[in-house]
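One structure below.
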Amino acid sequence: MTDQGPAVRLGIQLDPAGDPAAAVELAVTAERLGYDLVIVPGPAEGGWDPWTLLSWIAGRTDRIRLVAAGTDGATAPALLARAAASLDLLVPGRLVLGVAGDGPGPLPDAGVPVWRSGDEHPDLELAGSTADGWIGHLDGSGTHWLQKRLRLLDQAAVRAGRDPRELQRVITLCGVLTDSPTPAEGCLDGPAERWIADLAPLVVEHGVSTFVLRADDATAADRLERFARDVAPGLHEAAARALAAGVLAARPLRRADVRARRRPGIDYDGLPGSLAATAVEPGDAGFGAVRSTYLRGGNPGLVLRPGTVAEVADAVAFARRHQHLPLGVRSGGHGISGRSTNDGGLVIDVGALDRIEVLDERRRLVRIGPGARWKEVALALQPHGWALTSGDYGGVGVGGLATAGGIGFLGRKQGLTIDHLRAVELVLADGSSVRATDSEHPELFWAVRGAGANFGIATAFEFAVDEVPEVGWAQLAFRVDDPAAFLVEFGRVTTAAPRETTPNLIMGGTGVAQLMAMVASDDPDVVLAQLEPFARLAPLVQQQVVIAPYAAIMNMFPDAPHAGVGEPVSRSGLVRALTPEVATASATLLDSGAVHWFQLRSMGGAIADVVPEATAFAHRDAAFSITAMGANAQRVDRWWNGLRPHLSGSYLSFESDPSPDRVPEAFPPRTLARLRALKAELDPTTLFRDNFSVAAAVPTGSSA
Amino acid sequence: MTDYGHDLLFGTFVTPASARPQHAVEQAVVAERAGLDLVTFQDHPYVATFHDTWTLIAYAAARTERIRLTANVTNLPLRLPAVLARTVATADVLSGGRIELGLGAGAFWDGIEAMGGRRLGPGESIEALEEAVTIIRGLWDVEQRGGLTVAGRHYAVHGAERGPAPAHRPGIWIGAYKPRILRTTGRIGDGWLPSVQYLPGGVTDLAGMNGHIDEGAAAAGRDPRDIRRFLNLAGDFGATSRGFLQGPPDQWVEELTDLTLTYGTSGFVLASDDTATTELFAAEVAPAVRSEVARERG
Ligand SMILES: Cc1cc2nc3c(=O)[nH]c(=O)nc-3n(C[C@H](O)[C@H](O)[C@H](O)COP(=O)(O)OP(=O)(O)OC[C@H]3O[C@@H](n4cnc5c(N)ncnc54)[C@H](O)[C@@H]3O)c2cc1C
């Protein structure tokens, strides 16, 4: 088992009366030196506001945990709860609230850990029975006195029916590290060996995890460095010698009430230290925010949130040990076909890999992490005057879309999103990390562009993007009396339109159609001229046309939390033309009331310039993608089946049916054969199977 | 019709929604990068889906270098003045003098009560505001010897130790609409921070409201120019004109220039949660209004 969590962690306690800028400097230095936490004590009279100092430090650091000690009393409890919740959202998992003595806990249930301090019996009783941690102090009374306190804490925990290991034990130190032994009692004045000898029993026998230096003079920065260099490694070694491997890194345990909600078949305690810190399990406070996706309710047993490629590899290794469970891979959480959440299984969420950087200004080459959202990509490209077609919804993640296709608002002008891909980096099922381009692993590069979810977890994409000045953007609403005739007309006008224009159509059962169209031009005359034939499709009930940056369109919709419930029912089909047959079957479907969402995205143009063999997305002859969503799969299918004979294929991203019958619809025979061969080579045990697995059983229906 | 002759400030008014926790912070960074002077955040502590505004401000201030920040406006009934004074001073020192204090007497009293605040009548809340300002400025004033004692009806401090001192003198900008609080603003405020959508008669109301402020200032022996006139704006950019601040940037420039010359408005704070709008405002509107105003003032 990999055990990367440090057994002995270090902290620093700031001086509430000192210069605040110096305090911030120390916190930054501590983080750089690998310290785990910084304690900001309660206010001194006429002194700085500790909460503001803490929030500022949060903004200037990336990792170090922030302990707000002595928050009780200063502010109204309800307001403190809000403030704590805010900081916990801004810097997830980094905030701890400290409560002194036996004062009331500030937040019964805000999900932020509470550490208590205080040496009296009632303090220890309360800490042991309820808190997530205890902060003790080493002072002139020596370590024996402290050991007695730690025993009382254990006893209180046991009396309350808790596993004492649930409590994090943090000790602030006193003393000066010197080169020569000095006879002082109590405080740890003396050389590093003496510190190590005195502190090791606290770690080994009492489970102390963290030692905190007090930064109360000008030499604090030096002392921080010396302690990290001269004491910590020796202490770690001494403790590791005395204890079984992994024992220290696993501390503190999650509380019993949290552990009680664990799901069977998951080796929670075997999670490598690299992933443990950010993993979320069902009893954790953060679970509500990660369990479901945008459209799908879920209840996974463990959500892993790797922050580096190495951690993705660790997560894949962990998943390989859990092949008996569902595995979901998540980037932006907007999946429809992909099961990026599940019930009782694992989720590997690479949302943290969300960097967007320009690699080469001249070639307009950008590198984008899978966790970025398309709205963020658009914003990042805008200052350069660039844009990359993605989809019609800015909240969608890069990882899911760029491994499947990407039918977007600049599609007829720019092609699919995958057509701009120049390189992709993935962690494969065996944990290795590869870069695929036209020349390196070309077969994998081909496969990722349409069936990427089958082959690994993409950790970075490199795209060549286009210069796009502002664009024309129209929202037109029509009154539609004869939907079939309207659809045929819409098809005719779209096919005749120049490829600058990419329209999307949403039809309701109520006789209203909404058209959203982008025109890749900032010339009002061009925009109006290209929209004109659309405006004449039917009587307009509403119209709006603006010239705006592409990023403004991508950021048009506000963010919504990912609180999907149940399973989405979505059907996807591609057609080569909006023939009267397609139009009639669509109108019947609309009329049935079985679908609440019916959308056409136009294709063709540059999408059709690419030969079918070039990418695993092969349906290059499609003119439209049709999506229908409803509440009940059987009802939807009763009417959707009327459309099926007219479909030339499907775009997997909009298909929620997990049946193997759907796989050949997304991949024509030769594509599927190639994909299966590569799947057998790269993922022989079918680890990746949450999204149109090509290794799935042979279709039950008509074969391809 | 008065132009108070202030230099112009431009900023944004950002919703502190916490659903995407970093969004409001990014908007502060965007405003700074776009060259705006100011980023401000609503403060509605009783709205569960919002960040705590002063936590957000401290954090956002740490992620920026140059831009000034404030709550727009701080909900006083839910903040202890002594704590607020310390919060502002601490953030001001850490940020090198970039924090201002937008302050309101309170609105949405149901929400305030639900959070444990006390419901006050209009007269009382103005009185409370005035006491709070006395306490806040008193605590900032470390030059004064001895502790601070203010025996107010709503807030009282007895020999409170002064400090910490802020790095600069944070402006106290008051959100006010009715005559009495406008006169109070004239007497004690450094700025006036109303929102255009709460002006019953639209921008033409500014003339009368300025009058009340000026009257309050005069009664206290102050120069009306001691109170900077801000305005929170709502608008949309578009190709064609559809109303006040709804249209192309040129139209905005004309309308805002007119506000400065006619009503003395010198701080324009645009409600914007999106990068494109903020950038457009900073690039196409702010500099043009500045030069138009300079030209007209001669
Ligand atoms: C409101 C809405 C509008 C949409 N509009 C469009 C549109 O206009 N055009 C269009 O083309 N699509 C559109 N889509 C479909 C969208 O592209 C897919 O649902 C896509 O999978 C979402 O990506 P994600 O990263 O947000 O999803 P997630 O839920 O995070 O992932 C979905 C699936 O993608 C795979 N996956 C995710 N990350 C990775 C990775 N890093 N490596 C390998 N595989 C990965 C997994 O199989 C996963 O189950 C839309 C979806 C929604 C919900």
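Points to keep in mind about this one:
- Along chain A, counting only GluC sites (Glu not before Pro) with a DSSP assignment other than H, G, I, E or B and at most 15 other Cβ atoms inside a 10 Å radius, the longest segment between sites is A:441-704.
- With Cα atoms, 0 to 90° folded angle of helix A:192-206 axis to chain A main axis: 70 degrees
- Amide hydrogen neighbours beyond the local backbone of A:ARG214, cut-off 5 Å, H modeled: A:GLN13, A:LEU173
- Three semi-axes describe the equivalent ellipsoid of region B:9-296; taken as square roots of 5 times the Cα gyration tensor eigenvalues and ordered largest first, they are 30, 22, 18 Å.
- Average beta carbon contacts from partner chains per residue of B:235-245, 10 Å cutoff: 2
- Counting only Cα atoms, the size of region A:297-382 along its three principal axes is 48, 27, 16 Å, in decreasing order.
- Taking only the alpha carbons of region A:471-666, we obtain Rg and Dmax values of 16.9, 49 Å in that order.
- Computed from phi, the 3J(HN,Hα) profile of region A:82-99 under the Karplus parametrisation 6.51, -1.76, 1.60 (θ = phi - 60°) reads 5, 5, 5, 4, 4, 5, 5, 6, 5, 10, x, x, 9, 9, 10, 9, x, 10 Hz, with x in place of Gly and Pro.
- Distance from region A:266-292 to region B:14-60 (C-alpha centre basis), Å: 29 Å
- Neighbour net charge for B:ARG119 - beta-carbon separation under 13 angstrom, K R +1, D E -1: -2
- Region A:363-421: C-alpha gyration tensor shape, a/c 1.5 cut-off, then a/b vs b/c: rounded
- Qualifying trypsin sites (Lys or Arg not before Pro) for region A:286-339 [loop in DSSP, other Cβ within 10 Å: at most 13]: A:ARG321
- Extension gain, A:THR588 to A:ASP163: 0.36 nm times the residue separation minus the Cα-Cα distance gives 146.7 nm.
- Most mobile of B:SER195, B:SER266, B:SER18 in a GNM of chain B (Cα contacts under 10 Å): B:SER18
- Karplus-derived 3J(HN,Hα), 6.51/-1.76/1.60, for each residue of region A:275-281, Hz, glycine and proline x: 9, 4, 5, 10, 5, 10, 10
- For B:ASP43, residues with placed amide H under 5 Å, excluding near neighbours: B:ASN72, B:VAL73
- Of the trypsin sites (Lys or Arg not before Pro) in region A:524-608, the ones in a loop by DSSP (not H, G, I, E or B) with at most 14 other beta carbons within 10 Å are A:ARG536.
- Gyration tensor over the Cα atoms of region B:172-285: the corresponding equivalent ellipsoid has semi-axes (square roots of 5 times the eigenvalues, largest first) of 28, 13, 12 Å.
- Taken along the Cα-to-beta-carbon direction at a fixed 7 Å, the label points for A:ARG670 and A:TYR393 span 3.4 nm.
- Label-point gap, in nm, between B:LEU261 and A:ARG536 - each point 7 angstrom along Cα→Cβ: 4.5 nm
- The mean number of Cβ atoms from other chains found within 10 Å of a Cβ in peptide A:40-51 is 5, as a whole number.
- For A:LEU574, residues with placed amide H under 5 Å, excluding near neighbours: A:ILE626, A:SER648, A:GLY649, A:SER650, A:TYR651
- 0 to 90° range, to nearest 10: angle between helix A:524-535 axis and chain A longest Cα axis: 60 degrees
- Averaged over the residues of B:56-64, the number of partner chain Cβ atoms lying within 10 Å of the residue Cβ comes to 6.
- For region A:9-244: rounded, prolate or oblate by the Cα gyration tensor [a/c cutoff 1.5]: oblate
- Restricting attention to chain A, close to 60% of DSSP beta bridges with both partner residues there are antiparallel.
- Phi-derived couplings, Karplus 6.51 cos²θ - 1.76 cosθ + 1.60 at θ = phi - 60°, listed residue by residue for region A:42-51: x, x, 8, 4, x, x, 6, 7, x, 5 Hz, with x used for Gly and Pro.
- Length-normalised contact order of chain A in % [C-alpha pairs under 8 Å, at least 6 apart]: 10 percent
- Note on A:GLN155/A:VAL565: beta-carbon distance plugged into 1/(1 + (r/R0)^6) with R0 of 51 Å gives a FRET efficiency of 0.70.
- By the equivalent-ellipsoid construction on the alpha carbon gyration tensor, chain A comes out with semi-axes of 56, 26, 23 Å, ordered largest to smallest.
- Looking at region B:191-275 alone, DSSP beta bridges between its own residues are antiparallel in about 10 percent of cases.
- Annotation note: trypsin sites (Lys or Arg not before Pro) in region B:95-158 located in DSSP loop regions with a Cβ neighbour count of at most 14 within 10 Å are B:ARG118, B:ARG119, B:ARG145, B:ARG153.
- Acute angle (nearest 10 degrees) that the helix A:580-592 long axis makes with the longest principal axis of chain A, alpha-carbon atoms: 50 degrees
- Straight-distance crosslink candidates among lysines, where the alpha carbon sits under 23 Å from A:LYS375 and sequence neighbours closer than 8 are dropped: A:LYS413
Every read-out reported here was derived from the displayed coordinates using simple, explicitly stated rules and does not represent laboratory data. These figures come from a predicted structure and were not determined experimentally. Note that each Cβ is placed from the backbone with ideal geometry, even for glycine, and that neighbours are counted across all protein chains shown.
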